[in-house]
Each structure stands twice: as structure tokens, then as C-alpha cells.
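Input: a single structure, listed below in C-alpha cells.
Every read-out reported here was derived from the displayed coordinates using simple, explicitly stated rules and does not represent laboratory data. Remember, predicted model here, so these are calculated numbers, not experimental data. A quick note on method: Cβ atoms are made from the backbone with ideal geometry, for glycine too, and the neighbour counts reach across all protein chains shown.
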Amino acid sequence: MNRSRLPPFLLVALAAATLSPADSIPSHLTPAVIVDTQIEPMAPGRFAPTWASLAHYRVPEWFRDAKFGIWAHWGPQCEPEQGDWYARQLYAEDHKQGKWHRIHYGHPSQFGFKDVIHRWKAENWNPDQLLALYQRAGAKYFFALANHHDNFDLWDSRYQPWNAVRVGPHKDLIAGWAAAARKHGLRFGVSVHAAHAWSWYEVAQGADRGGPFAGAPYDGKLTARDGKGQWWDGLDPQDLYEQRHAPSPDFDQLNSIHRRWNWDHGATTPDQAYCERFYRRTLDLINRYQPDLLYFDDTALPLWPVSDAGLKIAAHFYNSNQTRHDGRLEAVLFGKILDEEQRRAITWDIERGVPAAILPFPWQTDTCLGSWHYDRAIYDRNGYKSARTVIHLLADIVSKNGNLLLSVPVRGDGSIDDKETAILEDIAAWMAVNGEAIHATRPWKIFGEGPASEGAALTAQGFNEGKGKPFTAADVRYTMGKVGRTLYIIVLGVPTEPLRLAAFGSAGGPRIVRLTALGSDAPVRWTQSADQLVIQPLDARPAHDAALVFKAAL
């Protein structure tokens, strides 16, 4: 990135958004595990599997225009409807999910996660119906979970026998999602999380410390030889659990995984075979379903800095995508906790968080209406984000040069519930009136004004959601049409007092020729002085009161 060409406000934003080196994994490290590419060759092209070569990447225009995507973070861990990380936490006897599992399924020495997969049928899954709703809600791209840390592939996987065609639903879920997304005009993406199965499943090597099953090993060390006469006869549980290695110290402590996420602090290191299986599975996914977006739930790239697998996958993804699009690079690849060099090579994803400034490069927030994996308790207590909250979050993100990827939790049976449907319909109603202030816009010279503008500091992958001041009708966010003659003033509510905007003082701001309210034919009463723009409250309520949008012609 050539800083000399950036305007001053973006230099400030870049400085504000820079993470400390301790948070990221440096690019200059040398991986020890070099994966073999003979079985699944890398696509030739302009990108080589190095950070320096990947730094020539540029985010495609379509992604900058899209602004809003929806994610089906859906797999067998949704079957119990007990929330996130079920496949790990069921093995913890004192965890609420572990207790629930023992009551409803049995002890994990006899009924582990492999058996939950067997129960999962996805019997009410209708991807066409869901994608029609997502498109109506304003989404321009769609992500499907391809595998999670549970290591189960949701397609007809060539290299993972534990997949959705062979076990569980007996359906190629990625093929179904891809066809529905493309039918409804959405760009298609896949999220890949399986790089961490090696450490994530280590708890399955343990046993209860007390109670009637004290000392009885969980099913994490079972092998194909143990399957004779079982429903899984012919499958090797080690292909799912990947516990052919000695576990890391304190592996049975659930929180230990977080401090070892970057393969340090005593983590047992993945071996050659594991890294190559991950590489081959991911190339198989890319080659079969040809996504335009690829999300990794990893710091920098998967298995970095243990292996070069992530670098080779990235180069293959870019090169194969560019070939498929007749020389145009349409691909977007996401990583987390990126340093400044890495943000030139791949796109920064911020989990459940938003920076406090405009960033000089496109980026993405991923967040969820509730829990990543479906959690019935959130439904029961009316705990979902409201449409108003999502709209405010979207406006804040877009004003800072970002996109929002919203996960809508999917039930085990493949449907979404009535409350989620109502939220999406409410978002759709707002977007039908105000979508032009979101799609195909660019940030203005400042992102907004108001008491909630300070935001909160990002930590780790992001995680500042809900930590700043709440948005009110005193907060505004600005976006600009691509041509530059239209500015949108997105008010995060409906003001009942005059709105006073210092950024539009005629002495230093743009001169407004005309001001209208989207979705209203009523005239807007306003005055512009050297110090501020003053907009009087509307005489009538707008069509949707989550956020009122004024359109300023310059």
C-alpha cells in the first residue's frame, strides 16, 4: 500500500486500526510443513504461494458494491439446538452442553459427536426458499458453512469420508446452497474452519473425573477396528476426530484452546498428513463449487505458521478464479487478526466487531442474529438482534468502508424459525426503501457524527460488539454515491428535535442543492449555514423508523 497516496483522514484511520504485532502472526516466519501438491495441483497464474506475491491482490469492485451478505453457519452441531461449539463441549462433564448431552443422548464414551452426526437428517432444508428471502432482505452474497472445527465436510468430499453425502443427511449441501444462491443472483461463498480440528477435538481423548463413568474413555480414540457391527462400520472415527497424536498439556481444560489458537503455548503441532489432508479437501471444495468468496476462521491463513498449506490454497483460489472469470479477479478471501502486510494480500474479517474509523481498504464484519450454531434458548428468551440493531450495524459498517456478513442461525432440520423470518422481512422492508444508501456506495470524508461515534477498542478477532455507546437518533452515518454527487445521511432513528450536522457547514463542507427523505414525498425543511446543516423533524413518520435516510444532491 502506497501511503503517500492516501488522504490524511485515511492515514489516521489506518493508524487507528493497526493491531499490535503480538495480536497477529508475522508473515516472515518459515513454515516447517511443506504440503505436496501433486495429487491436487495448484492452478497456475500470477499469484505464487508467498505473502509478497499475494500482496498484489486487489478487492474486486463487485464486493465493494455488495455491502451485505448472509451466512448459513449450519452443520451437525445445530442438530441438538444447544448453541456453539457443541462438538467440543459435549465432552466436558461440568459444561452445560456436556450435562445436556448426557441426559438426552448418553455418555460420550457410548454416544459421541459422530453419533450426533448420524442423527442429523436436515429433513426440512429448502435452500431455494431461504435464498429467495435472503435476496429480498438485500443480501448480495451468501456464505455456506463447508466444514466447522468439527471436521465434517458438508459436500461430496473426495478426501473426507465423514461428509454429508455419506453420513447424516445424505445430501450434498454445498451443491444445493450454491445452486440456490446463483439462481437468486447472489455471489456464492464457503467458510472453512476445519484447520483447528487437530487441537479442538483433543477433549475427546479424555474421560469423566467423577460419577458412574469415571475413567471411561470418551470416543475420541476409537478407530475403524472398533466399528465392527456398529452403524459406522467401514468408517474410521480418526478421520473425523483426528486424535492420532498425543494431546497438548491441559487439553481437557476447555479454555486452553484459545491461548493456543495460533499453534503456540505448548500446542501439539499438526503433522504432514494432517496438513496435506486439509489442503486437498479445500482444493477439492474450490474446484467443485467454484466460490467467489472463501472465509477462513484462522489468524492470517489456516495452519500458518506451521505449514504453507494456507498460502498454497490462497494462490490457487486467486489463480483459478481469475482464469474462470476470463482474466478478471473476482475472488475475495478472508482471514483474521491481520497485520498491515497481510491486509494487502487477503481481506480482513472482524468477528462481532467494528473499527472506530474509516479503513483505507475494504473489510468485513461477521456477526450473528444469535449464536453461530442454532440455540433454542435464544429463541425462547427473545434474544435475537432486532432488525433495527442489524440496520444500525450495517449503516455503521458501510460508512467505514466495510461489508456486513450476517449469520442467520439454521435449525437442525434445515429451516429458520418464525422470529428470524420476521427479522429478515423487517430488514427487507427497510432495504426496499433505503437500499440505495447502502449498496454501491463509498465512504465519505468522515463516517458520521453523534455520541456513539467513539466506538470501542477491538480485541483479538474483533469482539467489541455492544461495548460502545448505544446508537440513538442523535447518531448519523454518511455514505456517498460512487459518482460523488450524492451523499446519504443515515439517521439511526427518527429525530424529534432539529438535526444539527457540523460536517455540512458550508464553510468547509459540500454545498447542498436539494435534500429529500427516502420513502417520503413530503418536503424536507432544512437550512445550511457556514457552521452546520440543520434538518427539521419530518411532519410525518417515515415508512420505516429503524433509520431515516436523507438524500443530499450536491
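Points to keep in mind about this one:
- Sequence-distant aspartates and glutamates (8 or more away, or on other chains) whose Cα lies within less than 14 Å of Lys228: Asp236
- Relative contact order of the chain, pairs being alpha-carbon contacts under 8 Å that are 6 or more residues apart, as %: 18
- Projecting the Cα atoms of Asn163, Phe63, Ala440 onto the dipole axis of the chain, where Lys and Arg carry +1 and Asp and Glu carry -1 at the beta carbon, places Ala440 farthest toward the positive end.
- Between Ser307, Ala460, His258, the Cα set farthest toward the positive side of the dipole of the chain (charges on each charged residue's Cβ, about the Cα centre) is that of Ala460.
- Span-like helix check, the chain: qualifying full DSSP H segments, with Cα axial length of 18 Å or more and mean Kyte-Doolittle of -0.5 or more, are 418-434.
- Within the chain, the longest run free of exposed loop sites, counting GluC sites (Glu not before Pro) that sit outside DSSP helix and strand states (H, G, I, E, B) and have at most 11 other Cβ atoms within 10 Å, spans 124-453.
- Under the criterion of Cα pairs below 8 Å and six or more residues apart, the relative contact order for the stretch 465-507 equals 34 percent.
- Gyration tensor (alpha-carbon) shape descriptor, the stretch 510-554, a/c threshold 1.5: prolate
- Per-residue 3J(HN,Hα) values for the stretch 25-41, derived from phi via the Karplus relation 6.51 cos²θ - 1.76 cosθ + 1.60 with θ = phi - 60°, read 9, x, 7, 7, 5, 10, x, 8, 9, 9, 6, 7, 10, 5, 6, 10, x Hz in sequence order (x marks Gly and Pro).
- In the stretch 194-248, the convex hull through the Cα atoms has an average projected area of 4.6 nm², a quarter of its surface area.
- Two-decimal log10 I(q)/I(0) for the stretch 103-177, as the Debye equation yields it once each C-alpha is a single scatterer, q = 0.11, 0.17 Å⁻¹: -0.36, -0.74
- Each Cα pair under 8 Å and six or more residues apart adds its sequence gap; the mean of these over the residue count of the stretch 226-347 is a relative contact order of 20 percent.
- The stretch 328-383 and the stretch 221-276 have Cα centres lying 28 Å from one another.
- Test item: Cα-centred dipole of the chain, Lys/Arg +1 and Asp/Glu -1 on Cβ, debye: 1580
- The stretch 236-370: C-alpha gyration tensor shape, a/c 1.5 cut-off, then a/b vs b/c: oblate
- Diffusion of the stretch 259-328 by Stokes-Einstein, at 25 °C in a medium of 0.890 mPa s and with Rh set to the Kirkwood radius over alpha-carbon pairs, works out to 186 µm²/s.
- When each of Lys336/Lys400; Lys183/Lys336; Lys171/Lys385; Lys114/Lys312 is checked by Cα-Cα distance, pairs over 25 Å: Lys183/Lys336; Lys171/Lys385; Lys114/Lys312
- Calculated P(r) tail over 24 Å for the stretch 348-505, as whole % of Cα pairs: 36
- The shape of the stretch 65-122 can be summarised by an equivalent ellipsoid whose semi-axes, obtained from the alpha carbon gyration tensor, come to 27, 13, 8 Å from longest to shortest.
- Label selected from (1) 28.7, 101; (2) 24.4, 83; (3) 26.3, 80, the criterion being Rg and Dmax of the Cα atoms in Å as computed here: (2)
- Loop sites in the stretch 481-554: trypsin sites (Lys or Arg not before Pro), DSSP, at most 10 other Cβ within 10 Å: Arg511
- Top positive-direction residue, dipole computed over the stretch 92-156 with Cβ charges, set Gln110, Gln97, Ala137: Ala137
- Those trypsin sites (Lys or Arg not before Pro) in the stretch 212-252 that DSSP places in a loop and that have at most 11 other beta carbons within 10 Å: Lys228
- Ratio of Rg to Rh over the stretch 420-502 (Cα coordinates, Kirkwood Rh, two decimals): 1.00
- For the stretch 28-74: rounded, prolate or oblate by the Cα gyration tensor [a/c cutoff 1.5]: prolate
- In the stretch 304-356, the inverse of the mean reciprocal separation of distinct Cα atoms equals 12.5 Å; this is its Kirkwood hydrodynamic radius.
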